[in-house]
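Reading through the structure tokens given below for one structure.
The values are calculated or read from the model by the stated rules, or taken from the named source; none is laboratory data. Bear in mind the structure is a predicted one, so any value in this text is a computation, not a measurement. Cβ placement follows ideal geometry from the backbone for every residue including glycine, while neighbour counts extend to all protein chains displayed. Areas reflect the complete protein model, heavy atoms only, side chains present, ligands, DNA and RNA absent. Shrake-Rupley method; radii C 1.70, N 1.55, O 1.52, S 1.80 Å.
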Amino acid sequence: MVSYSPGLSIRPAHPPDTPVLFELVQALADYEELSHHVVGNAESLHNHLFCDRPYVEALVAEVDQRIVGFALFFYNYSTFLTKPGIYLEDLFVLPDYRRRGIGQAFLQTLAQLAVDRDLGRLEWSVLDWNEPAIRFYKTMGATVLPDWRTCRVTGDALTTLAQASG
């Protein structure tokens with residue numbers, strides 16, 4: 001069991017949390033200077049979190065019963081380990097609540113979930129300019145892989161690729 005500082009709790013997100021979760025997604029996009037990429041909405045997020053077969057899961061951090069951060073994750077799979085793993089898509093804590101151990105609590109909770117679920121790994125990406133996050137992740141035992149790059153196909157390029165075979 002992971003213990004946290006007084007007044008802090010990490011818990012699974014519940015359906016009524018969705019509007020606040022989406023506000024935090026927007027705050028993350030602002031921080032990363034990517035607000036123009038936010039084209040989704042709270043309703044879609046709710047549907048993907050709380051449907052019969054959820055696409056994603058989320059944890060929220062509460063300080064004195066106020067949601068101040070979130071971690072959104074889903075399963076990936078390692079063919080080399082022949083085990084599923086957790087891919088942490090987003091971890092965000094409101095600026096006024098940073099440096100209070102909340103990011104560490106999220107990562108510890110996710111690591112415990114991975115162990116409890118007999119998963120092979122916990123991984124995520126970090127923007128190369130985000131030196132404070134990189135330093136923090138390294139202190140948590142993470143290895144920043146220098147030889148991997150994320151590939152992504154979205155929007156019109158995704159449609160074009162899908163139609164290329166037929």
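Restricted to helices (runs of 4 or more DSSP H) entirely inside region 78-166, those with at least 3 residues that are polar (S, T, N, Q) are 102-116, 155-163. Of the residues examined, Pro19 is not one that is exposed (fewer than 14 other Cβ atoms within 10 Å of the Cβ) and touching a residue at least 24 places away in the same chain (Cβ under 8 Å).
The residues of region 92-102 that are within 18 Å of the chain's Cα centre (by Cα) and surrounded by 14 or more Cβ atoms within 10 Å (Cβ to Cβ), listed by number, are Phe92, Val93, Leu94, Tyr97, Arg98, Gly101, Ile102. Only one entry of Arg66, Arg100 meets the criterion of being within 27 Å of Gly7 (Cα to Cα) and at pLDDT below 95, and that entry is Arg100. Residues that are within 17 Å of the chain's Cα centre (by Cα) and farther than 24 Å from Pro54 by Cα: does region 111-125 have at least one? Checked region 111-125: no residue is within 17 Å of the chain's Cα centre (by Cα) and farther than 24 Å from Pro54 by Cα. Scanning region 108-120 for residues that are open to solvent by 20 Å² or more (accessible area, probe 1.4 Å) and free of Cβ contacts under 8 Å to residues at least 60 places away in the same chain returns Ala111, Leu113, Val115, Asp116, Arg117, Asp118, Leu119, Gly120. Of a type outside the set (D, E, K, R) and at pLDDT below 95 - does that describe any residue in region 86-94? No, that holds for no residue. Across region 70-119, the number of residues qualifying as of a type in the set (D, E, K, R) and closer than 12 Å to Ala58 by Cα comes to 2. Could you go through region 73-91 and let me know if any residue there is in contact with a Gly (Cβ under 7 Å, 6 or more places away or on another chain), under 18 Å from Leu21 (Cβ atoms) and either among the hydrophobic types (A, V, I, L, M, F, W, C) or buried (at least 19 other Cβ atoms within 10 Å of the Cβ) (or both). Yes, that holds for at least one residue. Just one of (1) in contact with a Ser or Thr (Cβ under 9 Å, 6 or more places away or on another chain); (2) open to solvent by less than 60 Å² (accessible area, probe 1.4 Å) fails for Ser125. It is (2).
For region 30-72, give me each residue that is in a strand (DSSP E or B), within 22 Å of Pro95 (Cβ to Cβ) and in contact with a strand residue (DSSP E or B) (Cβ under 8 Å, 6 or more places away or on another chain). Ala58, Leu59, Val60, Ala61, Glu62, Val63, Ile67, Val68, Gly69, Phe70, Ala71, Leu72, listed by residue number. Can we say Ala105 is open to solvent by less than 30 Å² (accessible area, probe 1.4 Å) and in contact (Cβ under 8 Å) with a residue 60 or more places away in the chain? Judged against the criteria, Ala105 is a match.
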